[in-house]
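A.B. asks: Questions regarding the structure given below will be posed in turn.
The values are calculated or read from the model by the stated rules, or taken from the named source; none is laboratory data. As the structure is a computational prediction, the values presented were derived from the model and not from experiment. Please note: Cβ atoms are built from the backbone with ideal geometry, for glycine as well, and neighbour counts cover all protein chains shown. Only protein heavy atoms, including side chains, enter the accessible area calculation; ligands, DNA and RNA are left aside. Shrake-Rupley method; radii C 1.70, N 1.55, O 1.52, S 1.80 Å.
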Amino acid sequence: MTIQATSSTLAPAAVVTRVIAFIIDGIILGICSAIIGSIVSDGTIVGGLTRAIIYGALGFLYFGYTWTAWRASPGQRILGLMTVNEADGTALTWNKAITRWAFLFGPSILNSLFGNQIGGGLGALVSLVVLAYYIYLLYTAATDPRKQGLHDKQAQSLVITKIA
């Protein structure tokens, strides 16, 4: 069953609510990651890379599936939010979900794969660049009239408040 809403009825979600939903999702993924980390506990560089790849794949599947099948991640569902196609309010396609995920989480995945392995001053610099990128995403979402961050604009998605 496809539920469609006209674009005039799509009410953008507040950035604070989106951040809280993201924190909820982070807690869920953190618990899953802790379980995986206890299984893959190799402390070598290879073990670290393996965990980073597994965590990246887990996050990709978690968000990709929930955005396309449910139109919302579990954190978003708890708070009554949905991530939809900006044009017509339908569920995101896998291509749009992949684009949104890449712009939202790509930098942190790259940091996990390479920045943490580099260590020292260069690793810290990479981490600071990633932090600056996330501050930029928050800024773009907070200042846009439709509350679309860069990642939303690239994927042509919109996070909305579910209308009852």
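A.B. asks: Per DSSP H run of at least 4 residues, take -39500 (n - 2.57); add these up for the chain, divide by its residues and hand me the 222 nm value, nearest 500 deg cm²/dmol.
C.D. replies: Taken over the chain, the calculation gives -20000 deg cm²/dmol.
A.B. asks: Okay, next question. Determine the gain in length on full extension of the stretch Gln154-Thr90; use 0.36 nm per residue of separation and subtract their C-alpha separation, reporting nm with one decimal.
C.D. replies: Length difference between fully extended and current span is 21.4 nm.
A.B. asks: Spelling out what I want: for every residue of segment 73-89, take phi, set θ = phi - 60°, compute 6.51 cos²θ - 1.76 cosθ + 1.60 (Karplus), and round to whole Hz; glycine and proline get x.
C.D. replies: Once rounded to whole Hz, the list reads 6, x, x, 5, 4, 4, 9, x, 10, 9, 9, 10, 5, 5, 6, 9, x.
A.B. asks: On to the next question. Of all the accessible heavy-atom surface of the chain, with the other protein chains kept in place and a 1.4 Å probe, what percent is carbon and sulfur?
C.D. replies: 71 percent
A.B. asks: Distance in nm between label sites at Ala34 and Ala14, each 7 Å beyond Cα in the beta-carbon direction?
C.D. replies: 2.9 nm
A.B. asks: Further question: Could you work out, for segment 42-104, what percent of all Cα-Cα pairs fall into each 5 Å distance bin, beginning at 0 Å and stopping at the bin that holds the largest distance?
C.D. replies: Once binned at 5 Å, the Cα pair distances of segment 42-104 give 4, 19, 22, 21, 12, 9, 7, 5, 2, 0.
A.B. asks: Let me ask you something else. Could you give the size of the charge dipole of segment 1-107 about its Cα centre, using +1 on the Cβ of each K and R and -1 on the Cβ of each D and E, expressed in debye and rounded to the nearest 20?
C.D. replies: Using Cβ point charges on Lys, Arg, Asp and Glu, segment 1-107 gives about 60 debye.
A.B. asks: Could you provide, to the nearest whole Å², the per residue accessible area of the chain with probe 1.4 Å?
C.D. replies: 54 Å²
A.B. asks: If you project the alpha carbons of segment 73-116 onto their three principal axes, what span does each projection cover, largest first, in Å?
C.D. replies: So the extents along the principal axes, rounded to whole Å, are 39, 24, 12.
A.B. asks: I would also like to ask the following. Please give the length that would be gained between Val46 and Ile27 if that part of the chain were fully extended, namely 0.36 nm times their separation in residues minus their C-alpha to C-alpha distance (nm, one decimal).
C.D. replies: 4.3 nm
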